[in-house]
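Structure, as structure tokens:
The values are calculated or read from the model by the stated rules, or taken from the named source; none is laboratory data. For clarity, every value in this text was computed on a predicted model and none was experimentally measured. Using ideal geometry, Cβ is built from the backbone for each residue, glycine included, and neighbour counts are taken over all protein chains shown. All accessible areas refer to the heavy atoms of the entire protein, side chains included, with ligands and DNA or RNA removed. Shrake-Rupley method; radii C 1.70, N 1.55, O 1.52, S 1.80 Å.
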Amino acid sequence: MYDFYLGGKDNFAADRAAVAELDKVVPSTRALAVNNRQFLARAVKVLAEEHGIRQFLDHGSGLPSQNNVHQVAQRTAPDSHVVYVDNDPVVLAHGRALLVEDERTTVIQADMRDTDTIFSHPDTERLLDFSKPVAVLFNSVFHCIPDSETDGPPAVVRRVTEKLVPGSFVVLCQLVSEDASIRESVTKFMDQATQGHWGRVREEKDVAGWFEGMDILEPGLVEVSTWRPDEAQTPAKQLTREWIEFGGVARLR
């Protein structure tokens, strides 16, 4: 569905049908997808250019699309290393085919909640040096997992950041709404569309709690199209504002 919203070709009839139904409930979803992708690119560029980050671990990366993390990072620093993580075997196959000639980038198959497996994976250990700063990305993925004391978003963020050195970064955003009826209706629709493989639309205060103990970069936690806007990008205009992509970038102390 995300790939279709971005104008990609790696999507299927079922995805397009689900998109058509979701657009009836929340018409701004295409704009959310575009703005989210642009936020990801800006965040990676800032971390590479301004903070010297050369290692990126992208959780729940999805099918390769336009302006991927490794492309953005390597335009600034060709020696940047990127590990993509996704639990979908289709993503693994497509990603590895596209990256076959890039020795600094790989895709591994794992659930983003399985931190130990991700960090101990041979390809992760080959490409990333965790004695040095790493940027971990949770870009528009946490609404895909349910609340759980052991595997919900706060627990995952905590497990991952405990493995990182100070000076590492977290890039994180998620779909939120302050309208309880929207949270309920979209969550119900997506849970049905994904056959139970979804979490929920949350509130801004939930996302803010996941950054506890970190130093949040300016301009703070915001609707992502307003995070350090780039003159070279034109944000997509939301038709309505029932829900937004909300998040930011933070440094570990």
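Only four residue types carry charge here, +1 at the Cβ of Lys and Arg and -1 at the Cβ of Asp and Glu. Report the dipole size of the stretch 90-222 about the Cα centre in Debye, rounded to the nearest 20.
Using only the charged Cβ atoms, the result is roughly 160 debye.
So for 184, 231, what's the accessible-area order with a 1.4 Å probe, most first?
Descending order: 231, 184.
Give, rounded to the nearest 20 debye, the magnitude of the charge dipole that the stretch 1-143 has about its Cα centre when Lys and Arg contribute +1 at Cβ and Asp and Glu contribute -1 at Cβ.
My answer is approximately 480 debye.
Would you be so kind as to identify which of 119, 109, 136 lies farthest towards the positive end of the dipole of the stretch 97-157, taking Lys and Arg as +1 and Asp and Glu as -1 on Cβ and the Cα centre as origin?
136
For the stretch 3-77, what value does the Rg/Rh ratio take when both radii are computed over Cα atoms and Rh is the Kirkwood radius, given to two decimals?
Result for the stretch 3-77 is an Rg/Rh of 1.06.
Would you mind checking 163/188; 24/205; 45/188; 45/205; 45/132; 24/45 for any pair whose Cα atoms are more than 30 angstrom apart?
163/188; 45/188; 24/45
If you count only protein heavy atoms with a 1.4 Å probe, what accessible area per residue comes out for the stretch 116-221, rounded to a whole Å²?
For the stretch 116-221, the per-residue accessible area is 47 Å².
Within the accessible area of the chain, what % is carbon and sulfur when the probe is 1.4 Å and the other protein chains stay in place?
51 percent
Given springs between every Cα pair under 10 Å in a Gaussian network model of the chain, which of 32, 221, 239 has the largest fluctuation?
With Cα springs under 10 Å in the chain, the top fluctuation among 32, 221, 239 is at 239.
Using the heavy atoms of the protein chains and a 1.4 angstrom probe, tell me the accessible area per residue for the stretch 1-115 in square angstrom.
43 Å²
With everything on Cα atoms, drop me the angle between helix 13-25 and the longest principal axis of the chain, reported from 0 to 90° to the nearest 10.
60 degrees
Please report, in debye to the nearest 20, how large the charge dipole of the stretch 104-157 is about its Cα centre when each Lys and Arg carries +1 at its beta carbon and each Asp and Glu carries -1 there.
Charge dipole, the stretch 104-157, about its Cα centre: 340 debye, nearest 20.
With the cut-off at 1.5 for a/c, could you classify the chain from its C-alpha gyration tensor as rounded, prolate or oblate?
Taking the square roots of the gyration eigenvalues as a ≥ b ≥ c, the chain is rounded.
When the C-alpha atoms of the stretch 145-253 are aligned to their principal axes, what extent does each axis show, in angstrom, from largest down?
41, 40, 20
Run through every distinct alpha carbon pair of the stretch 57-150 and return the Kirkwood hydrodynamic radius in angstroms, one decimal place.
This gives a value of 13.7 Å.
Per DSSP helix of 4 or more residues, -39500 (n - 2.57); summed, then divided by the residues of the chain. What does that give at 222 nm, rounded to the nearest 500?
It comes out at -11500 deg cm²/dmol, rounded to the nearest 500.
Give me the angle, in degrees from 0 to 90, between the Cα long axis of helix 180-193 and the longest principal axis of the Cα atoms of the chain, rounded to the nearest 10.
Once rounded, the angle reads 70 degrees.
For residue 163, what accessible area in Å² do you get when you roll a 1.4 Å probe over the heavy atoms of the protein chains, rounding to the nearest 10?
Using a 1.4 Å probe on the heavy atoms, I get roughly 80 Å².
Considering only protein heavy atoms, what is the solvent-accessible area of residue 189 at a probe of 1.4 Å, reported in Å² to the nearest 10?
The accessible area of residue 189 comes to roughly 40 Å².
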